[in-house]
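Written out below as C-alpha cells is the structure these notes cover.
Readers should treat all values here as calculations from the given coordinates under stated rules, not as data from a laboratory. Just so we're clear, the structure is a prediction, and the values are computed from it rather than from any experiment. Every residue, glycine as well, gets a Cβ built from its backbone with ideal geometry; the counts of neighbours run over all protein chains shown.
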Amino acid sequence: MELKANVPDGSLEKKWDRHRFELKLVNPANKRKYRILVVGTGLAGASAAATLAELGYEVEVFCFQDSPRRAHSIAAQGGINAAKNYANDGDSIWRLFYDTVKGGDFRSREANVYRLAQISVHIIDQCVAQGVPFAREYGGQLVTRSFGGTQVARTFYARGQTGQQLLLGAYQAMMRQVGAGKVRLRPRSEMLDLVVVDGRARGLVVRDLVSGELSVALGDAVVLATGGYGNLFYLSTNAKGSNVTAIWRAYKRGAAFGNPCFTQIHPTCIPVSGEYQSKLTLMSESLRNDGRIWVPQRQGDARPPSQIPENERDYYLERMYPSFGNLVPRDIASRAAKKVCDEGRGVGPGGLGVYLDFADAIRRLGENVIRDKYGNLFEMYERITDENPYQAPMRIYPAVHYTMGGLWVDYNLMSTVPGLYVIGEANFSDHGANRLGASALMQGLADGYFILPYTIGDYLARSRFEKIGPDRPEVRQARTDAETRIQRLLSVNGKRSVDSFHRELGRLMWDDCGMSRNEKGLQRALSRIPALREEFWRDVRVLGENEQLNQSLEKAGRVADFLEFGELVCRDALERRESCGGHFREEYQTPEGDPMRDDANLCHVAAWEYAGEDSPPKLNKEPLTFESVHLAQRSYQ
Amino acid sequence: MRLTLHVWRQKGPKDPGRIVTYDMPDVNPDMSFLEALDVLNERLIQRGEDPIAFDHDCREGICGACGMVINGIPHGPRRATTACQLHLRTFKDGDEIWVEPWRARAFPTIKDLVVDRSAFDRIIAAGGFVSVPTGSAPDGNALPVPKKVADLAMDAAQCIGCGACVASCPNGSAMLFVAAKVSHLGLLPQGRPERRDRARKMVEQMDREGFGACTNTGECEAACPKEIRLEFIARMNRDFLRGTFAERPEAE
Ligand SMILES: Cc1cc2nc3c(=O)[nH]c(=O)nc-3n(C[C@H](O)[C@H](O)[C@H](O)COP(=O)(O)OP(=O)(O)OC[C@H]3O[C@@H](n4cnc5c(N)ncnc54)[C@H](O)[C@@H]3O)c2cc1C
Ligand code: FES
C-alpha cells in the first residue's frame, strides 16, 4: 500500500492557500448531480453535511441516535480553541500550531496542524453567526480562558456546555438543508459495511434500527464522521453508543488504520464507584484553571481532607511542573495521578483518586464567581457522588476519553480508499500522540466546515462515475456479508450477555494497554483477546430477532468489532517501542520516569493495512518530517 | 436496598402493551436509574426474556436521549435531573416504582420505553436556525452582545430536546421546546432578522405534528431537566403574534 500524504509544496503558511487554488472545482450547476453519503452527525458530520448541501450537493446523512442532535459531541464541556488573540496575551496562529505539535509529542503532520490553526479563527466567526451563545464580557466581547498545555487564554466556551451549543449550531444549519430538501436524514440507522466498487467507495450497507431492515445506500463519495473508539475500554467518558464499527468495517475494506494505540486518558474524571458502573463522567479540564490537585504526603493517610494540614499535602503537579503547574497536558497529569496512587497516596475507596480542591479559588474569588464559571459541573459532581464540592475537594481519577488514532487520511482527508473521506475524531487526526484540551471541537469543525467541502470537490471533479445499482456483485456481497453476520450473532444462543464480554475486554485493555504499557502485558493481551473473541462467538446470548428494535443485537455487533479491533491496538502499542504522548511504554523512560521518544526510528505514522482473516495486518509507515519546528523533548517544567 | 419496578412493556407499535412487575432485591443506592435497568436487563437476558428497550446515550444529562416517566413524573422525582442522572439514593428501601414511556400523540411508542420524537427535528427544520451559510460570517466580535443578553439566550439554548415538557403537559403541547429555540435565537442580534418568521414557521410545524395547544398549566417548566422557564413562552407569543399578523415581510 502506498501512503501518499499529498501535502502541497511551498512554505507552511502558504500551503493551504495554494492548495485551494490548485483544487479542481465542480461546476455549480453540476453539483446537484453528485450524491455524498455522510455517516455521523457530530460536529464533524453535521458541519460537513450542512456545508456540502449549501454548496449544492445532494447529501444523505446517517446516525444511530433517534435525532442527529444527540451525537456524542453534545457532551463536550470545556471549550474550543482559536488563535484569535482577543485576550492580547501573545497568541497567534503560529503559537497554536506550535502548542498543538508539541502537545502531540511531535507525532502529527506539520502541514495539517498549521492549516488547523489557520482555520480556527473562522470557526469562531461562523459559530457566532449561527447564534452560538458563547460567554461574553460585560462590554459584549467574547471571553476566553486557558486550558491544559498552553499559557495563553484561547479557549472559547458556552458555560460548561460548549459541545452542546456548537453541535446545535451545526445541527440547525444541517436541518435548514433538510427543510430545503437538500439533505436526506436517516436517524436510527447504523452503517454496517462500506461498499467499494472498482476500488472506490460508493456506498454503505445500513441497518434500520427500528425495523431491522438492511438497505444499501449508493453515492459518489462517502464521508465517515463516526467519532472515537474509547468504548473499546468499556468504561470511558464517551457516550454509550460510541463505537468503532464504521471505521473498522472500512478498514476491512481497505482503509489503513493510523496509530490505533494512541488513546487519551483524561486526568479529571469521577472515580469508579462499583461493579455496575456503566460509564465514567468527565469533570472538564477547565476546572484545573482554578482547582489545585493534591494528595496527602503520607501513604495511607485516611484523614478527611479538611483535617490534613497544608504542610502535609503534596500539590504534586505544582511541585513537579512549576511553570505549567496544574495546567500540564493531559497525558502528564494522568500519569502523575497514577504514580501517586501507585505509591499508596491515593484517596477515596480503593485509593484510586486524587483531590481537586477549590478552597483557595473560593477564598480568592468568592463562591459566586466559581458558581458562575463551573456551576453545572459542580452540580453534576454532587448529583453523582452525593458530595458537595464547594465544601470538600472533588475526588478525581483518570479515565479513557479520546482516541487520537483513527483511519489514516491524506492532506485532503481522504483515506487509502479513493472516495472515502474521514473527518473528526474518526480520522487519525492532527493531535499526534496526545490531544490538547479544546482542540477536538476545533478539529471536527475545521474538517467539516472548511476543509472537506473543498477537497471532496476536487475528487469529484477529477473522477468519472458510472451509475451503479444494487445488483452489482460488490454491492450484493457487502449486503450478504452484513446479513450473515447478524444471523450468526442471533444464532449462537450461548450463556453470556454481550455486556459481560464487553466488560471483560475493557478490563483487559485497561490493565495491559492502558495508562502504561509494557511488552509482557501487551503480549498477554494479544493472546487473551483472540481467546475471548472465540468464546464470544461460541457463548454469547443475543435474544430476539433482527426484524425489530433490538438493542442487544446492536451492542453485539459493536462488541464483536471491538473484540477484533482491540488486537490491532495492542499490536500497534507493541510495535511502538518508545514513549510518546498518551502512549507510555515502561521500557522507555528516563531514570526520573519521564517518557523517552525515539525520533530516529519511530517518527512516523503507523498505518495498518488489513490482510485478510488469517494473516496478521501489515504495518505501513508515513515518515513525519518537521521543517518548521525543532523536535524537542517536551518540557512543561 | 430493595425496589420493585413496574415497567411498561410493549413489543411494538401495534402491541397494546402492559405493566410487568420486577423485583430488585439488591440494588446499590449509588447506581443511576439507568444502571439499575442495565442490571435488570442482564437478569432478564439470563432468564431468556427480552430486555427492556430504552433510549440513552451520554448518561450525563446532556444528549436528551433518555426519557421515561418515573412514578408519574417525566425523568422522575428529582428536580432538574434527567433519568440517567437520577440515582437510586433518591428512593427509599422497599419503594415501588412505576416506569412508563413518554405519552403524547406526537410521540408514538416504538417499543417498551422508546418513543419516536422525530417531530422535534421537523420543527427545527421548519425554522429553528439562523440562515448563515458557511463562510459568510463577520468577525466574532463585530457585533457586541451584552453579557445579560448572552446569558439569557444561553438559558434558553440549554434545552436538550428530550421531550419531558410534552410528556408532562396535559395537552401534549411542545410550546416550551419551541419557545426555548425561538427565544435563544431571537434574543441574539444574529438571530433577529428572521425572528418573526422563525416563530411562525416553527409553531405551524408544531401544529401539523399533532402537538396540543398551550393552556399555561406550567407542568412543563416543573418537568424540564434543564429548568427552561415559562417566561420564554410569553416571549415567543409576542414574536409569533407579530409574525402572523405582520403582512409585510420582515422589517424592523
Ligand atoms: C465528556 C467529553 C467532553 C469533551 N469535551 C471537549 C471539549 O471541551 N473540547 C474539545 O475540543 N473536545 C472535547 N471532547 C472531545 C470531543 O467532544 C469529540 O472528540 C468530538 O465531539 C467528536 O466529534 P465527531 O463529530 O468526530 O464525532 P461524534 O460527535 O462522536 O459523532 C459521531 C456520529 O457518528 C454516528 N455514528 C457512529 N457510528 C455509526 C455507525 N456505525 N452508523 C451510523 N452512525 C454512526 C453517531 O450517531 C454520531 O452521530 C470531549 C469528549 C467527551 C467524551
Ligand atoms: S442519556 Fe443523555 S441525557 Fe440521559
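Structure notes:
- Furthest towards positive pole of dipole, A:490, A:459, A:448, structure part the range A:427-504, Cβ charges: A:490
- Under the Debye formula (equal points on every Cα, no solvent term), log10 I(q)/I(0) of the range B:64-198 at q = 0.18, 0.19 Å⁻¹: -1.03, -1.10
- Neighbour-count order for A:428, A:358, A:626, A:378, fewest beta carbons within 10 angstrom listed first: A:626, A:378, A:358, A:428
- Two-site FRET efficiency, residue A:474 against residue B:222, from Cβ-Cβ distance with R₀ of 51 Å, rounded to 0.05: 0.40
- Karplus (6.51, -1.76, 1.60) ³J(HN,Hα), θ = phi - 60°, over the range A:630-637, in Hz, Gly and Pro reported as x: 9, 5, 10, 5, 5, 10, 10, 7
- Only the Cβ atoms of Lys and Arg (+1) and of Asp and Glu (-1) were treated as charged; on that basis the dipole of the range B:3-110 about its Cα centre amounts to roughly 500 debye.
- Candidate aspartates and glutamates for bridging to residue A:467, where Cα separation is under 19 Å - those fewer than 8 sequence places away on the same chain excluded: A:58, A:60, A:198, A:220
- Listed by chain and number, the aspartates and glutamates whose alpha-carbon sits under 15 Å from that of residue B:14, ignoring those within fewer than 8 places in the same chain, are A:547, B:112, B:116.
- Of A:352, A:204, B:88, the sequence from fewest to most neighbouring Cβ atoms within 10 angstrom is A:352, B:88, A:204.
- Label point of residue A:24 set 7 angstrom out along Cα-Cβ; within the range A:47-61, amide nitrogens under 18 Å from it belong to A:57.
- FRET efficiency estimate (nearest 0.05) - Cβ-Cβ, residue A:463 to residue A:386, R0 45 angstrom: 0.15
- For the range A:257-356, the spread of Cα positions along each principal axis, largest first, Å: 50, 39, 23
- Residues listed by number, the range A:410-430, amide nitrogen under 12 Å from residue A:599 label point at 7 Å toward C-beta: none
- Taking one quarter of the surface of the convex hull spanned by the alpha-carbon atoms of the range A:1-158 gives a direction-averaged projected area of 12.5 nm².
- Rg over Rh, two decimals, the range A:227-311 (C-alpha only, Kirkwood Rh): 1.13
- Calculated [θ] (222 nm, deg cm²/dmol) that DSSP helices of n ≥ 4 give over chain A, each run adding -39,500 (n - 2.57): -11000 deg cm²/dmol
- Descending principal axes extents, the range A:300-449, alpha-carbon based, whole Å: 63, 36, 31
- Set A:182/A:240; A:4/A:24; A:84/B:148; B:147/B:181 screened for pairs whose C-alpha atoms are more than 21 Å apart: A:182/A:240; A:84/B:148
- Put the Cα centre of the range A:151-165 next to the Cα centre of the range A:549-583 and the gap is 30 Å.
- The range A:233-245 - phi-based ³J(HN,Hα) in whole Hz, Karplus 6.51/-1.76/1.60, Gly and Pro as x: 8, 6, 7, 7, 7, 6, 5, 4, x, 4, 7, 10, 3
- Cα-Cα pairs of the range A:473-626 separated by more than 24 Å (percent): 47 percent
- When the pairs A:495/B:111; A:339/A:373; A:520/A:621; A:15/A:102 are compared against a 28 Å limit on Cα-Cα distance, A:339/A:373 fall above it.
- The range A:375-449-the range A:80-140 distance, computed between alpha-carbon centres (Å): 16 Å
- Based on C-alpha pairs under 8 angstrom that are at least 6 apart in sequence, chain B has a relative contact order of 19 percent.
- DSSP beta bridges in chain A [antiparallel fraction, %, rounded to 5]: 70 percent
- In terms of other Cβ atoms within 10 Å, A:445, B:143, A:420 run from fewest to most in the order B:143, A:420, A:445.
- Using a simple spin-label model with pseudo-atoms 7 Å out from Cα toward Cβ, residue A:495 and residue A:367 lie 5.5 nm apart.
- Once both labels are positioned 7 Å from their Cα atoms along Cα-to-Cβ, the gap between residue A:547 and residue A:98 label points is 6.5 nm.
- Stokes-Einstein translational diffusion, the range A:139-287 - Kirkwood Rh over all Cα pairs, 0.692 mPa s, 37 °C, in µm²/s: 173 µm²/s
- Helix B:147-157 vs. chain B, principal-axis angle (Cα, 0 to 90°, nearest 10): 50 degrees
- Magnitude of the charge dipole for the protein assembly as shown, about its Cα centre and with charges confined to Cβ atoms of Lys, Arg (+1) and Asp, Glu (-1), is about 1500 debye.
- Computed over every Cα-Cα pair of the range B:3-110 and binned at 10 Å starting from 0, the pair-distance distribution P(r) comes out as 14, 49, 33, 4 percent.
- Hull-based mean projected area of chain A, where the convex hull spans the alpha carbons, in square nanometres: 27.3 nm²
- Were the residues from residue A:633 through residue A:13 laid out at 0.36 nm apart, the gain over their Cα-Cα distance would be 220.7 nm.
- Rounded FRET efficiency, nearest 0.05, which uses the C-beta distance separating residue B:71 from residue B:237 and R0 of 35 Å: 0.60
- Within straight-line cross-link reach of residue A:618, aspartates and glutamates at Cα separation under 19 Å, skipping those fewer than 8 residues along the same chain: A:2, A:410, A:561, A:564, A:567, A:572, A:575, A:609
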